[in-house]
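Peer 1: Supplied in structure tokens, the structure appears directly below.
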2 protein chains.
Amino acid sequence: MPLFTENASSWRDLRALRSFAPPLPRLSPKFAPPDDGIQRHEVIIVGAGPAGLMLHLLLARYGLTDQSLLCIDSKPGTLKSGQADGIQPRTLEVFKTLGISDEIENEACQMWEFAFWNTSDDPAKVIERRSCVPEVIPPARFKYEATIHQGRVERIIEADLLRYSQRGVLRKTKLISMWIDESVDPEFPVFAEIEVDGELRVVRTKHLVGADGAHSVVRRAVGLELEGQSLDYIWGVVDAVVDTNFPDIRRRCAIHSSEGSVMVIPRERINTGEYITRLYVNIPEIVEPASLDADADLKKEAKGRRSRVTLEGILKQAEDVFKPYYIRPKRDDAVDWWAAYQIGQRVCPEFIVKDHTGVPRVFIVGDACHTHSPKAGQGMNVSMMDSYNLAWKLAYHINGLTPRSVDMGGSIPMLDTYHSERHANAQRLIDFDRKFSSGFSDRVGTAKSRSGMSHSEFVDLFNTGCGFTSGCGVEYDENILVDRSSAELISGKDFLSGILRPGRRLLNVKLKRFADGWHRDIQDDLASTGRFRLLLLLTNDLLDIAGVSATSVNSTATLVQQFPTSLLEQIIVYPRLPGEITWENIPRCVKDHSEMTFYSGCELEDAYRIYGVDPARGAQVVVRPDGYVGLVTELSDIARVDAYLSRIITRGA
Amino acid sequence: MPLFTENASSWRDLRALRSFAPPLPRLSPKFAPPDDGIQRHEVIIVGAGPAGLMLHLLLARYGLTDQSLLCIDSKPGTLKSGQADGIQPRTLEVFKTLGISDEIENEACQMWEFAFWNTSDDPAKVIERRSCVPEVIPPARFKYEATIHQGRVERIIEADLLRYSQRGVLRKTKLISMWIDESVDPEFPVFAEIEVDGELRVVRTKHLVGADGAHSVVRRAVGLELEGQSLDYIWGVVDAVVDTNFPDIRRRCAIHSSEGSVMVIPRERINTGEYITRLYVNIPEIVEPASLDADADLKKEAKGRRSRVTLEGILKQAEDVFKPYYIRPKRDDAVDWWAAYQIGQRVCPEFIVKDHTGVPRVFIVGDACHTHSPKAGQGMNVSMMDSYNLAWKLAYHINGLTPRSVDMGGSIPMLDTYHSERHANAQRLIDFDRKFSSGFSDRVGTAKSRSGMSHSEFVDLFNTGCGFTSGCGVEYDENILVDRSSAELISGKDFLSGILRPGRRLLNVKLKRFADGWHRDIQDDLASTGRFRLLLLLTNDLLDIAGVSATSVNSTATLVQQFPTSLLEQIIVYPRLPGEITWENIPRCVKDHSEMTFYSGCELEDAYRIYGVDPARGAQVVVRPDGYVGLVTELSDIARVDAYLSRIITRGA
């Protein structure tokens, strides 16, 4: 019989809620637009697909209120026409840092292997499996690519968004036009004419983001165009529950037979207990690739050819490629969705439009600034990662956390990197996709091959491209946020395997926490809360109170306090040490400031080896809010860390 | 520029939703009570604490409708007075099979280590750490104990419940009295008088479950009492953000100093970014343990003594035990909750009350049928596991899926095992808790020890008890659901480490799926959907089409079809084979029925070694809906599997 006498504080009830991300500090004045009947915002996002939703979620989590931030979408509900289905390992890592990866981890299809099927030398076999490789080759926290309906990804993001934004997306609201005019209301120079429930209204904002897809109204309004190759081959795509005796139907497959090409994408289990399969089917007899500069006539002609593609035609073509195996929808109503498409590789030359004082006012993200074929599973991922790159930079600018450059014509250097980093990335994506997609459409390894690409060349292309297609090998060039001046400190060049490299994301490692023995992932300390992290890889003389480690942790602790509160977080890792470590025999500031982010870097995984750091020398790493390494330098070189941070972060008041 | 022509089926929109568990088949008539103005149900649950909520969730997921199932609770909202905070590894495994473990995995405190502190021989040290052991010693899917506020666990269960039940818990509704009367309405012989919003109402039900806590109205109404030892030592317990220089504050600690005993339970991080600590503090000077049979006077006296415990007193006592380290609440308002309690070890002699025809009508679960000290972290776990044990049995009975025994006086043998399994478990829990709790309250290893228990004896007690306290070592005795007649087949006796044992839960192993190379946990195929699983560990002659494996998979596939549709699921595992396996060179029924549950048992972990199965001989295992092994037998012994299942499952129509 429990006999209790108890007393609880009122805030104990709060303990039943889920955790919330802490907002960023704000040094700029609180958003308080004049009360003159004019609707004003700090940011308007146009479009609530994956890119727009991701941006909305991040800005809301960083602390932008519903008054400051508006996201509009012309459709009445969550997107029904989305066709993407792949979530890359890197995107999953990011979702994990937002606490929204679980449903995908649990319920998406996990693609672990990629099988390559080609024409067999044995005529009785017709086609045969030539090789089977891991889907994700570089080390990553998640060793698979996940596939799941795009609508579900959007629903997951929106559910989390509604914890931070009461209004959420303003739907049935359409952008009609927009323009920049600094003369009327200099603080709010972007004008957007929107249609809400049939009524037209002009609202003003400091910034506007076009996340409104390939046919972006925003992009056109600012006079930009997608440039590049126009139309690809025609493809049919079908999502269905299939009945087949093809043995690899649950693996990602590239099938090149003499009859044509099919890509198999296994998909998630649905509530009937059945599994969906997506087939990308090349429709070779209908169309030849269009010329490099398609004009309106060509587009029209292509549309006409596309309209001749039918579900029956796609299925018939798939049947032919799969022979001698059979494949068909399991029932008449087993087809979820099908489409015919042509996609060229195109990119917008500018992702940012500035006002005349150099302040970026309009941003373009996602499909609105780059399009490419879906076969490398890039679309939804690259789009969301555009927003992931932009969100913290924009929030820093709005909250007064990053300085305006006097010597760069008044621009905001941190914000400028959105274009330089993501445009270069889009260009690389498109170059890869052009090769991969045409290699795929071609009858690789058969007599009918146009490119003459062999099977092994195609597999090599996949393997080398995997760092890129997994999202784990993305590398940004040097800029104000990517400082490679101390590169000689790090030994090794295999950056894809984790060797520290400014401009690449910090690979996850497993660390044992000193305070409690908890086995943790370092990426769990890189929550997407907009904070910079100073990762100190200490030296093996840590127990020497006059050693470089002891000096450096003290100096870093002092440095952190010179920046706005909470903006810099420390993670401290130590190598194998000659003696037993206790809280008493190391600098006191470690426990004071980093008690719960102080780790053994050798007991679970060897963080020093993985990162290419000599335990006798140590290293200091600045990790950006998006998980990318910004700077690697000598452990003791606080001056360089200070210089890096001071260029991009406003000192505290 | 993507150019799409697309066509979607209307049900594609459903793909954006989370998955739902499939309901159990129902052979009994659909619930359709007479339309005579009398409120009738199939099950009424009284109390919506962890045990009641868990039962409600499970029955709703099994398919009981809001009309059939009612859960009432007298409080207006989710529990505010809950004091449990520990989630055992086994409970996490169960949560995982329900898809509700993520928030706890991500946000609870994970206790990985248990440190033992005792009086030091060095007077300057006063106390010192004697040893530090893993918190969870036996193999388990989760290698830690999680701690988190009970209200949060309830909120998580309730959120999932509301996906399956529109009404959810009927709150502000109190059970006044209840009785069984078979004469009025034989199908609905249980009468419950309830007070809803101040109005009294009598409702009828087939079954009623008392999940109404230690002071259970249900238990009293059916004339049962908790029996056993009465009152334990007096303890104070405090949840607070603490300021301390005690080095192990983030580990679970047992501190035995000459000043007394304290247990430290590290708790979750809260939204301020701080971490909560729970302290259990023995208050030795106030009370001696009461006699074995406390009467009302003793209780009153105890209450009086307890009322003399103050927060200041608890904190002062903790300070003394922690010396020479300091410990105090970090701020004046840093105490979340505190209480003084005495808990004896008591158990109810019957967990089931039957009507005169032998049908179980009233069940008692959770604190209503057993109470014990909270220090072994058992309370919330054992209570929820009572419900986990009862739910599927009750659902099978209601849905007509389990036979009534003619030769056992008309009873329902499957249902009877709820009492036999959980009562024995409660008794073992209480025996362990009595030892652990008194060992803990005693000044172990000091001159003042009453029991003379040494430090190493206390550590041993923890270590041997860990199978039990982790929930992973629970073992049910033989009964109709636990058949140990083929025990000689299995080699090894270390059941805690995974050796197959009817009556114990199936240990998780990592398997590689043949169809897609996915690395999966076998427990992910043991979703808590109420299904039995036939786990076939095939032999290494699988490629021999006339071998024992080929014969057995065919016979099992045939057997499965003789039971109600979907009630038996197959999981097939193969060992290292002499040749390459393909879908073509193994029995066709493997792909037809088990394409997505067919695994290599040797490529990731060695399932055969872990389970104690000889790959030359194989084994067939029946796993119960609660993840416990029911039967292990020869792979070819279909007759025994048939006999086991036929005793407990009604054959299909």
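Peer 1: What ranking do B:201-211, B:306-316, A:272-282 get when scored by the average of other Cβ atoms within 10 Å per residue, highest first? Provide the component values of the computation, followed by the final result.
Peer 2: Values: B:201-211: 22.9, B:306-316: 16.1, A:272-282: 20.5.
Ranking the peptides B:201-211, B:306-316, A:272-282 by packing returns B:201-211, A:272-282, B:306-316.
Peer 1: Pull up the cross-link candidates among the aspartates and glutamates for B:Lys323, meaning alpha carbon to alpha carbon under 17 Å and not fewer than 8 places away within one chain.
Peer 2: By straight Cα distance, B:Lys323 reaches A:Glu584, B:Asp121, B:Asp122, B:Glu128, B:Asp243, B:Asp248, B:Glu259, B:Glu312.
Peer 1: Suppose R0 equals 35 Å. What FRET efficiency, 1/(1 + (r/R0)^6) with r the Cβ-Cβ distance, do B:Leu200 and B:Asp355 give to the nearest 0.05? Could the numbers behind the result be given before it?
Peer 2: Details: r = 24 Å, r/R0 = 0.70.
The formula returns an efficiency of 0.90 here.
Peer 1: For chain A, take the longest principal axis of its alpha carbons; what is the angle in degrees between that and the long axis of helix A:296-307, to the nearest 10 within 0 to 90?
Peer 2: That works out to roughly 70 degrees.
Peer 1: Additional query: What's the total accessible area buried between chains B and A, using a 1.4 Å probe, rounded to the nearest 100 Å²?
Peer 2: On the way: alone 26760 and 26760 Å², together 45860 Å².
The contact between A and B buries close to 7700 Å².
Peer 1: Here's something else I'd like to know. Please give the length that would be gained between A:Asp121 and A:Asp66 if that part of the chain were fully extended, namely 0.36 nm times their separation in residues minus their C-alpha to C-alpha distance (nm, one decimal). Could you put the intermediate results ahead of the total?
Peer 2: Values: separation 55, 0.36 × 55 = 19.80 nm, distance 6.36 nm.
Full-extension gain reported as 13.4 nm.
Peer 1: Separate question: Give the peptides A:329-342, A:35-48 in descending order of average Cβ contacts within 10 Å, highest first. Walk me through the numbers before you get to the answer.
Peer 2: On the way: A:329-342: 18.7, A:35-48: 20.4.
Top to bottom by mean Cβ count within 10 Å: A:35-48, A:329-342.
Peer 1: Here is a follow-up. Ordered shortest first, which distances in nm separate the 7 Å Cα→C-beta label point of B:Gly358 from those of the other copies?
Peer 2: Values, ascending and in nm: 9.1.
Peer 1: In nm, to one decimal, how far is the B:Glu457 label point from the A:Asp460 one, both placed 7 Å along Cα→Cβ?
Peer 2: A separation of 7.3 nm, rounded to one decimal place.
Peer 1: Please get the size of the charge dipole for the range A:487-648, origin at its Cα centre, with Cβ charges of +1 on Lys and Arg and -1 on Asp and Glu, quoted in debye to the nearest 20. Each step should come with its number before you reach the end.
Peer 2: Values: 18 positive and 21 negative charges, 102 e Å.
In total the dipole reaches around 500 debye.
Peer 1: For peptide B:13-25, what's the mean number of Cβ atoms from other chains within 10 Å of each residue's Cβ? Intermediate results must be reported in sequence, preceding the final value.
Peer 2: Numbers: counts 5, 6, 15, 15, 6, 8, 8, 1, 1, 3, 0, 0, 0.
Counting other chains' Cβ atoms within 10 Å and averaging over B:13-25 gives 5.
Peer 1: Kindly express, to the nearest 10 degrees and within the range 0 to 90, the angle between helix B:455-469's C-alpha long axis and the longest C-alpha principal axis of chain B.
Peer 2: The answer is roughly 30 degrees.
Peer 1: Take the rotation relating chain A to chain B, measure from its axis to every Cβ in chain A, and name the nearest residue with the distance in whole Å.
Peer 2: A:Asp102, 2
Peer 1: Pairs B:Lys30/B:Lys393; A:Lys143/A:Lys591; B:Lys174/B:Lys354; A:Lys125/B:Lys512; B:Lys393/B:Lys435; B:Lys143/B:Lys316: which exceed 30 Å Cα-Cα?
Peer 2: Numbers: B:Lys30/B:Lys393 18 Å; A:Lys143/A:Lys591 34 Å; B:Lys174/B:Lys354 23 Å; A:Lys125/B:Lys512 27 Å; B:Lys393/B:Lys435 33 Å; B:Lys143/B:Lys316 34 Å.
Beyond 30 Å: A:Lys143/A:Lys591; B:Lys393/B:Lys435; B:Lys143/B:Lys316.
Peer 1: Which of the three applies to the range A:487-648, rounded, prolate or oblate, going by the alpha-carbon gyration tensor with a ≥ b ≥ c and a/c under 1.5 meaning rounded? Don't skip to the answer; put the middle values down first.
Peer 2: Values: a/c = 1.28, a/b = 1.10, b/c = 1.16.
Rounded, because the longest to shortest axis ratio a/c is under 1.5.
Peer 1: Shielding by partners for B:510-522, please: the mean number of other protein chain Cβ atoms within 10 Å of each residue's Cβ. Spell out each step's value before the answer.
Peer 2: Details: counts 0, 0, 2, 3, 2, 7, 15, 13, 9, 4, 2, 0, 0.
So the per-residue partner count for this stretch is 4.
Peer 1: Express the relative contact order of the range A:231-280 as a whole percentage, based on alpha carbon pairs under 8 Å and six or more residues apart in sequence. Write out the running numbers ahead of the final one.
Peer 2: Working: 71 pairs, mean separation 19.9, N = 50.
Relative CO of the range A:231-280 lands at 40 percent.
Peer 1: Now a separate question. May I ask you to derive the FRET efficiency for A:Leu17 and B:Gln427 from their Cβ-Cβ distance with R0 = 41 Å, giving the value to the nearest 0.05? Don't jump to the answer; show the numbers that get you there.
Peer 2: On the way: r = 38 Å, r/R0 = 0.92.
Once the sixth-power term is evaluated, E becomes 0.65.
Peer 1: Copy-to-copy spacing for A:Asp494, label 7 Å out on the Cα-to-C-beta vector, in nm, shortest first?
Peer 2: Ordered by distance, the counterparts are at 3.3 nm.
Peer 1: Which distances in nm, rounded to one decimal and ordered from shortest, link the label point of B:Asp36 to the equivalent label points in the other identical copies, with labels set 7 Å from Cα toward Cβ?
Peer 2: Those separations, rounded to one decimal, come out as 7.6 nm.
Peer 1: Is the range B:3-149 rounded, prolate or oblate when judged by the Cα gyration tensor, a ≥ b ≥ c being the square roots of its eigenvalues, rounded requiring a/c under 1.5 and prolate requiring a/b larger than b/c?
Peer 2: Details: a/c = 3.22, a/b = 1.72, b/c = 1.87.
It is oblate, given that a/c is not under 1.5 and a/b is not larger than b/c.
Peer 1: For the protein assembly as shown, what is the accessible area per residue in Å² when the probe is 1.4 Å? Mind showing how you got there, number by number?
Peer 2: Numbers: 45860 Å² over 1306 residues.
I get 35 Å² per residue for this part.
Peer 1: Evaluate the relative contact order of chain B (contact order divided by residue number), counting alpha-carbon pairs under 8 angstrom at least 6 apart; express in whole percent. Present the calculation step by step, with values, prior to reporting the outcome.
Peer 2: On the way: 1381 pairs, mean separation 92.5, N = 653.
So the answer I get is 14 percent.
Peer 1: Sticking with this one: Using a 10 Å cut-off on Cβ atoms, rank the peptides B:322-328, B:194-200 from the highest mean neighbour count down. Don't skip to the answer; put the middle values down first.
Peer 2: Working: B:322-328: 16.6, B:194-200: 11.7.
Highest mean packing first, the order is B:322-328, B:194-200.
Peer 1: Quick check on the protein assembly as shown: take the gyration tensor over C-alpha atoms, sort the square-rooted eigenvalues as a ≥ b ≥ c, and tell me if it's rounded (a/c under 1.5), prolate or oblate. Let's see the in-between values first.
Peer 2: On the way: a/c = 1.64, a/b = 1.23, b/c = 1.34.
It is oblate, given that a/c is not under 1.5 and a/b is not larger than b/c.
Peer 1: Roughly speaking, what is the centre-to-centre gap between the range B:5-26 and the range A:67-141 when only Cα atoms are used, to the nearest Å?
Peer 2: With the range B:5-26 and the range A:67-141 each reduced to a Cα centre, they are spaced 19 Å.
Peer 1: Considering only protein heavy atoms and a probe of 1.4 Å, how much of the accessible area of the protein assembly as shown is carbon and sulfur, as a whole percent? Mind showing how you got there, number by number?
Peer 2: Values: 23680 of 45860 Å².
C and S atoms contribute 52 percent here.
Peer 1: Also, I was wondering about something else. Rounded to the nearest 500, what is the 222 nm mean residue ellipticity of chain A from helices alone, with -39500 (n - 2.57) per DSSP H run of 4+ residues and division by all residues? Numbers along the way, then the final one.
Peer 2: Numbers: 14 runs with 172 residues, N = 653.
The per-residue figure over chain A is -8000 deg cm²/dmol.
Peer 1: Under 13 Å between alpha carbons, and skipping anything fewer than 8 positions from B:Lys206 in its own chain: which aspartates and glutamates qualify?
Peer 2: Filter leaves B:Glu42, B:Asp181, B:Glu182, B:Asp185, B:Glu187, B:Asp355.
Peer 1: Taking beta carbons within 10 Å but only from partner chains, what does the mean come to for residues A:335-344?
Peer 2: Mean shielding by partner chains, rounded to a whole number: 5.
Peer 1: For labels at B:Glu193 and B:Lys330 in the simple 7 Å Cα→Cβ model, what's the distance in nm?
Peer 2: 5.1 nm
Peer 1: Rounded to the nearest 10 degrees, what's the angle between the helix A:50-62 long axis and the longest principal axis of chain A, both from Cα atoms, 0 to 90?
Peer 2: It works out to around 10 degrees.
The values are calculated or read from the model by the stated rules, or taken from the named source; none is laboratory data. Note that this is a predicted model, so its numbers are computed, not measured. Methodologically, a virtual Cβ is constructed for each residue, glycine included, from the backbone with ideal geometry; neighbour enumeration extends over all protein chains shown. The protein model used for the area step is the full one, side chains on, heavy atoms only, and it has no ligands, DNA or RNA in it. Shrake-Rupley method; radii C 1.70, N 1.55, O 1.52, S 1.80 Å.
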